[in-house]
1. Kindly list the number of the only condition in (1) touching a Pro at 6+ places or on another chain (Cβ under 6 Å); (2) more than 16 Å from Ser181 (Cα to Cα) that fails for Phe135.
2. If a residue has to be in contact (Cβ under 8 Å) with a residue 40 or more places away in the chain, under 14 Å from Leu85 (Cα atoms) and of a type outside the set (Phe, Trp, Tyr) to count, how many in the range 151-171 make the cut?
3. Looking only at the range 157-191, which residues are of a type in the set (A, V, I, L, M, F, W, C), touching a Phe, Trp or Tyr at 6+ places or on another chain (Cβ under 9 Å) and open to solvent by less than 50 Å² (accessible area, probe 1.4 Å)?
4. Of the residues Ala115, Ala77, which is hydrophobic (A, V, I, L, M, F, W, C), open to solvent by 40 Å² or more (accessible area, probe 1.4 Å) and either modelled with pLDDT under 85 or not in a helix (DSSP H, G or I) (or both)?
5. Restricting the search to the range 118-156, which residues are within 30 Å of Ala212 (Cβ to Cβ), open to solvent by 10 Å² or more (accessible area, probe 1.4 Å) and either of a type in the set (Ser, Thr, Tyr) or out of contact with any helix residue (DSSP H, G or I) (no Cβ under 9 Å at 6 or more places or on another chain) (or both)?
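The values are calculated or read from the model by the stated rules, or taken from the named source; none is laboratory data. Treat the numbers as computed from the prediction; the structure is a model and nothing was measured. FYI the Cβ positions are ideal-geometry reconstructions off the backbone, even for glycines, and counts take in every protein chain you see. SASA here: full protein model, heavy atoms, side chains in, ligands and nucleic acids out. Shrake-Rupley method; radii C 1.70, N 1.55, O 1.52, S 1.80 Å.
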Amino acid sequence: MSFSDVAGWSGLGFVLTALIVNLLYVRDGLPFPMSGKKMDEVVASLATVGDALKRPSMLAPLSWLCTTVFAAGMLSALWTPTQGLGAWALVGFAGVLMQNVTFSCVEALRFGLAAAAEHGRGSTAGLWALSNVLFGFNQVFLAAALVGFSIAGTDTGFLPAWHGWLGYLSAALLFVSSSASPYNVEGTSRTALLGLLGWLGWIAWIIACSIALLGG
């Protein structure tokens, strides 16, 4: 199996893993950053979370590994330094790496929140605010990945024009949502829908890229 095939399957693996994790969070009633829940509801939920937080988090390292391999496959397919497009491919690769690093912090913060809610509760509000803003800021790295890979992909002919525009639109939605993060400290976000639509666009974009890698 070629590395392009491995990267393609990794992209599809990330999508599947991300959907499973989010379904587990919804099923177990775990609070999402920028979910609009009041602080008392967040504390009550986190104080009794137990192993429900651990189960979906076990899949997080797999999702980060999958996105890293996927991004490396995209970089390999789009690396054309003589045309000046290699820099845009690097922007996309860097965006994925930064997203993984930032979201690992968001994931770890969830355990800090659960511990604070169960034992002391005094620091829960501060940790919740940090989690909300960091989660929001993280979207700019997804936007960077979408823009970088979309420009390099369409200019080299690896991605069709519609695929590039999907990336640009999703990136714009994510960037607007990210820019509003300082106003979402308490967990209520007027741009949450934009961020959700941008994330769904990111998922669809990855699926299409993965298919392109498998066909390469």
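1. (2)
2. Here the count works out to 6.
3. Leu159, Leu166, Ala171, Leu173, Leu174
4. Criteria check complete, one pass: Ala115.
5. Of everything in the range 118-156, those that are within 30 Å of Ala212 (Cβ to Cβ), open to solvent by 10 Å² or more (accessible area, probe 1.4 Å) and either of a type in the set (Ser, Thr, Tyr) or out of contact with any helix residue (DSSP H, G or I) (no Cβ under 9 Å at 6 or more places or on another chain) (or both) turn out to be Thr154, Thr156.
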